[in-house]
Each structure stands twice: as structure tokens, then as C-alpha cells.
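Below: the structure, in C-alpha cells.
The values are calculated or read from the model by the stated rules, or taken from the named source; none is laboratory data. If you're wondering where the values come from, they're calculated on a predicted model, not measured in any experiment. Reconstructed Cβ throughout: ideal geometry from the backbone, glycine too, with neighbour counts over all protein chains shown. These area figures cover heavy atoms from the full protein model, side chains too; ligands, DNA and RNA do not enter into them. Shrake-Rupley method; radii C 1.70, N 1.55, O 1.52, S 1.80 Å.
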Amino acid sequence: MTDTQELQEKHVTGATIWLTGLPSAGKTTIAHELAGRLRGEGHRVEVLDGDEIREFLSAGLGFSREDRHTNVQRIGFVAELLASNGVKVLVPVIAPYEDSREAVRKRHMTEGTPYVEVHVATPVDVCSVRDVKGLYAKQAAGEISGLTGVDDPYDEPRNPDLRIESQNQTVQESAAQLHALLTERGVA
């Protein structure tokens, strides 16, 4: 294999990089930072943002356990489809239930598609201060209920491929840490 063929092969190997964590943990910010870096290296990259998926692919779903599971499975299906076609798919979604995330991992394993689970392990008190969407304030005011990590469960990943504590490092450092893991695994 020539160096050119090897480089082309490297850049067509897809993977799903699943970033899970509480609302306002920094998942989407890290995903976009990493996406820019990967694109700069010539990779095909898509970010499947949880909010956009809810609006377009999962419109009509609520926030019951069943609806959240369905939403995660839809995202997992699309991610695997893209990744199996050579795209690096960054998936910043809450995905609160371990069994839902495990089903996505198993789909990838069955298809032979690389899958990396990242827990953006930002504590709830830090997330509530960031409160990017105002969800914590609305929950505290009694305007909403079922906020993941506050009055609805979040199953922390037991054995993620990487745990990022975004409150202790910059976005660039978090993305670099994840990039290093992807490089080590041969998918970046």
C-alpha cells in the first residue's frame, strides 16, 4: 500500500464518538471543537446534535423513559449508518439511560463500526451555573420537571472509553484529550 492509499484509507474509516453527560456539561462545545480539528486533518465529520435531532428526526417524542430510549436509538441508527460509510460522527447527547447507550454500542459492534463512548462528567452544580439553555433555572422555578440529573435519573457510564471533567480544563484541552484517544484507537 502506498503512503497516499494509506492516507486515503485512514480518512475514510468512520467511527461514532458518543459524548454523554448532563445538560450544559459541555458535550456540544467539545464536539464542535473536535469536529473543526478533524475536518482540518481532512476527515469527513458530522455532528448529530441532540437538540437538532429532537427537532427534525424525533419531533413528537416527549421525555418519558420510552421516548428518550426511542430518541437515542434513532440517533444511534443514523450515527452507525454514517460511520459505516466513512464519516466521523460526533454525537453530543444526554442519553441518560445506560441500557439505551448499551443498545447503541451493541449495534455498532454487530456492524463492526468503531464506537467510542465519552462521559463529559461535569458535576450538576457546575452545569447549573453554566445553564446554557436556562433549564436549571426553569426547573428551580417549578416551570419544568424531569430535568436529567436533577429530578430525573442519569445513569453515569460505568466504563466509558474516556471521562472528561470539563470544569477542570479548557474546551481545547478536552478536545485534544479526545483526539489523542481517537488517534490511539486508529480512528483519527
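Counting only GluC sites (Glu not before Pro) that sit in a DSSP loop (anything but H, G, I, E, B) with at most 16 other Cβ atoms within 10 Å, what is the longest stretch of the chain containing none of them?
Numbers: sites that count: E41, E143, E165.
After excluding every exposed loop site, the longest remaining stretch is 42-142.
Taking only pairs that are 8 or more places apart or on different chains, how many Lys pairs in the chain have Cα atoms under 24 angstrom apart?
Working: K10/K88; K10/K106; K27/K88; K27/K106; K27/K133; K27/K138; K88/K106.
Step by step, the pairs that qualify in the chain add up to 7.
Compute the FRET efficiency between F63 and A137 as 1/(1 + (r/R0)^6), taking r as their Cβ-Cβ distance and R0 = 25 Å, and round to the nearest 0.05.
Details: r = 18 Å, r/R0 = 0.71.
Here the calculated transfer efficiency is 0.90.
Report ³J(HN,Hα) in whole Hz for each residue of the stretch 57-73, in order, from the Karplus equation J = 6.51 cos²θ - 1.76 cosθ + 1.60 where θ = phi - 60°; Gly and Pro get x.
After applying 6.51 cos²θ - 1.76 cosθ + 1.60, I find 9, 10, 4, x, 7, x, 10, 5, 4, 5, 5, 5, 4, 4, 4, 5, 5 Hz.
Pull up all non-local amide H partners of G86: gap of 5 or more, or a different chain, and H-to-H distance under 5 Å with H placed in the peptide plane.
G14
Amide H to amide H under 5 Å from V47: which residues, 5+ apart in sequence or cross-chain, H placed 1.01 Å off N in plane?
Correct list: L90.
Per DSSP H run of at least 4 residues, take -39500 (n - 2.57); add these up for the chain, divide by its residues and hand me the 222 nm value, nearest 500 deg cm²/dmol. Show your work: numbers first, answer last.
Values: 8 runs with 91 residues, N = 188.
For the chain, the value works out to -15000 deg cm²/dmol.
Among the trypsin sites (Lys or Arg not before Pro) in the stretch 74-136, which ones are in a DSSP loop with at most 11 other Cβ atoms within 10 Å of the Cβ? Mind listing them?
Values: sites: R74, K88, R101, R105, K106, R107, R130, K133; in loops: K133.
Sparse-neighbourhood loop trypsin sites (Lys or Arg not before Pro): K133.
Taking amide H positions as placed in the peptide plane 1.01 Å from N, state which residues far from L61 in sequence (5 or more) or on other chains have amide H under 5 Å from it.
Here nothing satisfies the definition.
Output ³J(HN,Hα) for the stretch 149-166: one whole-Hz value per residue in order, computed from phi by the Karplus curve 6.51 cos²θ - 1.76 cosθ + 1.60 with θ = phi - 60°, and x for Gly and Pro.
Computed from phi, the couplings for the stretch 149-166 are x, 10, 10, 9, x, 9, 7, 5, x, 6, 9, x, 5, 8, 10, 10, 9, 5 Hz.
Taking the Cα centre of each part, how many Å lie between the stretch 51-90 and the stretch 104-155?
The stretch 51-90 and the stretch 104-155 have Cα centres spaced 15 Å from each other.
Set the Förster radius R0 to 25 Å, insert the Cβ-Cβ distance between V129 and Q169 as r into 1/(1 + (r/R0)^6), and round the FRET efficiency to 0.05.
Values: r = 17 Å, r/R0 = 0.66.
With R0 = 25 Å, the Cβ-Cβ based efficiency is 0.90.
So how long is each side of the stretch 92-188 along the principal axes, counting just the alpha-carbon atoms, biggest first, in Å?
Each principal axis gives a Cα extent; for the stretch 92-188 these are 46, 30, 20 Å.
What is the pair-distance distribution P(r) of the chain, computed from all Cα-Cα distances in 10 Å bins starting at 0, with each bin given as a whole percent?
With a bin width of 10 Å, the distribution comes to 9, 37, 36, 14, 3, 1, 0.
Rounded to the nearest percent, how much of the accessible area of the chain (1.4 Å probe, protein heavy atoms only) is carbon and sulfur?
Working: 4650 of 9350 Å².
The C+S portion of the solvent-accessible surface of the chain is 50 percent.
Taking the solvent-accessible surface of protein heavy atoms with a 1.4 Å probe, what is the per residue accessible area of the stretch 138-188 in Å²? All intermediate terms of the calculation are to be shown ahead of the outcome.
Working: 2890 Å² over 51 residues.
About 57 Å² of surface per residue is accessible.
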